[in-house]
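Everything on this sheet refers to the single structure shown next.
Derivation of every value follows stated rules applied to the coordinates shown; laboratory data play no part. Please read all numbers here as calculations on a predicted model, not as lab measurements. Cβ: placed from backbone, ideal geometry, glycine included. Neighbour counts: every protein chain shown.
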Amino acid sequence: MKIISVANQKGGCGKTTTAINLVSALAANGKKTLLIDIDPQAHATLGLNRDDKNSIYNVISKIAPRRLALRDIIQRVDTNFDIIPSNVLVGTLEQELADEIGREMKLVESIATLKDTYDYIIIDCPPSLGFLTVNALRASHEIMIPVEMSRFSVQGVEHLMDIISLIRDRLNHPVTPRVLITMFDSRLRHSFAMLDKIKRQFGDMLLTTIVHTNVKLKESVVEGKPVMAYDKYCRGAKDYYTLAKELIAFEGGAFAPKQAVEAVVVAPVETVEFSARMTDIVTREMEAMVTTFSINAPEAHSVYVSGSFNAWAIDEACRLTREGDVWTARMALPAGLYRYQFIVDGRWQADPAHERRESNGFGDMNSILEVEAHG
């Protein structure tokens with residue numbers, strides 16, 4: 001069971017939108033997922049039109065008129081998608097538990113009762129660095145930090161990193177930080193300037209997926225639905241679906257560092273002429289099996305190719321390298337029919353130089369590649 005907090009002390013950066021739609025996208029990928037709303041503003045609860053009469057307050061508080069277990073307040077949103085609601089009373093917990101020993105472990109203890117019930121638990125944190133956020137981070141394996149294209153949002157990441165260090169040092173609990181670009185407007189030069197700055201500042205912590213500005217994300221909240229239930233073909237739905245796939249790929253090891261391979265010492269072959277001839281044959285055969293993916297994208301900052309040949313993963317193995325204005329990757333693919341797309345600065349698109357395509361059910365097209373058997 002993977003537990004991820006979604007947090008940034010800077011409000012208006014897409015924190016709750018990310019929590020709701022990430023859970024929805026994980027559920028759409030067949031993962032049993034729980035959203036825990038611990039924000040006293042209860043935006044995730046309200047954004048899904050859930051009843052907030054009984055909330056996480058009734059589980060953690062010692063003076064609540066009605067004490068409940070975590071399982072008692074779980075509400076079903078959709079298939080594989082459950083929520084534990086919040087309400088305004090959650091904001092009183094910090095004062096109520098101010099003098100209690102082990103108060104930072106309250107959420108850990110509650111979640112322990114759900115062991116092995118879910119594949120993912122996503123915690124929507126308040127826009128502050130107080131008692132509730134510390135509880136969420138202490139319960140989590142990872143923290144996802146949404147960052148919109150402003151200096152103040154980036155500053156919020158820096159403050160969270162201090163809290164993460166404090167939890168690691170004082171509570172002996174490491175939390176893996178991941179930075180998510182949200183509300184990205186590709187029409188503005190400012191967006192790309194901020195993206196470059198964030199890449200330089202946070203490096204490996206930065207997720208590949210970029211969530212673009214999309215009015216459907218705001219409209220879906222008004223309707224009380226995740227964006228995939230509101231309009232599964234819109235840009236916002238595809239961005240969060242991509243984010244879910246990226247997180248699942250982490251679990252599958254697609255993003256794990258490549259392990260070093262021990263060199264194998266082979267005894268020298270007596271017939272050097274035969275060895276050289278075989279080397280030449282193998283080299284030519286391998287060259288014949290290699291497929292080249294390329295796209296002209298002079299303004300791009302990063303390009304990947306993903307498809308049925310790698311289970312639609314996004315990792316270093318499918319990152320394209322820049323050669324002037326053209327981005328290129330070479331892969332050894334066995335004979336067969338493949339579907340694929342390019343991911344240019346987080347935006348999925350079909351191959352503009354390849355006319356063979358088919359609809360993928362998400363409102364856009366996959367390119368089709370057929371690799372023929374050599375010889």
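Each of Asp116, Asp37 was scored by other Cβ atoms within 10 Å of its Cβ. Arranged with the fewest first, they read Asp116, Asp37. Computed from backbone phi with θ = phi - 60° and the Karplus coefficients 6.51, -1.76 and 1.60, the 3J(HN,Hα) list for region 36-45 is 9, 9, 10, 8, x, 6, 6, 5, 5, 5 Hz; x is used for glycine and proline.
Anyone know which of Gly130, Gly324, Gly224 comes out most mobile in the 10 Å Cα GNM of the chain? The residue with the greatest mean-square fluctuation here is Gly324. Here the chain carries DSSP beta bridges of which approximately 55% are antiparallel, counting only pairs with both residues inside.
The H on the amide N of Thr176, modeled in the peptide plane, is under 5 Å from the matching H of Glu142, Ile143, each at least 5 residues off or on a different chain.
Peptides 189-197, 103-111 ranked from most to least packed give 103-111, 189-197, packing being the mean of other C-beta atoms within 10 angstrom over each peptide's residues. Report the residues of region 1-25 in range of a label on Glu158: point 7 Å along Cα→C-beta, backbone N strictly under 13 Å from it. Nothing falls inside the zone, counting backbone N under 13 Å. Working note: Karplus 6.51/-1.76/1.60 with θ = phi - 60° gives region 341-353 the couplings 9, 8, 10, 9, 6, x, 9, 7, 7, 6, 5, x, 9 Hz, where Gly and Pro are set to x. For region 2-252, the relative contact order comes to 26 percent (Cα pairs under 8 Å, sequence separation of at least 6). The length gained by stretching the chain between Ser165 and Arg189 to full extension, at 0.36 nm per residue less their Cα-Cα distance, is 5.3 nm.
Considering only Asp124, Asp51, Asp325, the mean-square fluctuation computed in a Gaussian network model of the chain, springs between alpha carbons under 10 angstrom, is largest for Asp325. Overall form of region 117-266: rounded. Here a/c, set by the Cα gyration tensor axes a ≥ b ≥ c, is under 1.5.
Given R0 = 45 Å, the distance between the Cβ atoms of Ser308 and Val215 translates into a calculated FRET efficiency of 0.90. A straight line joining the Cα centroids of region 28-107 and region 163-203 runs 27 Å.
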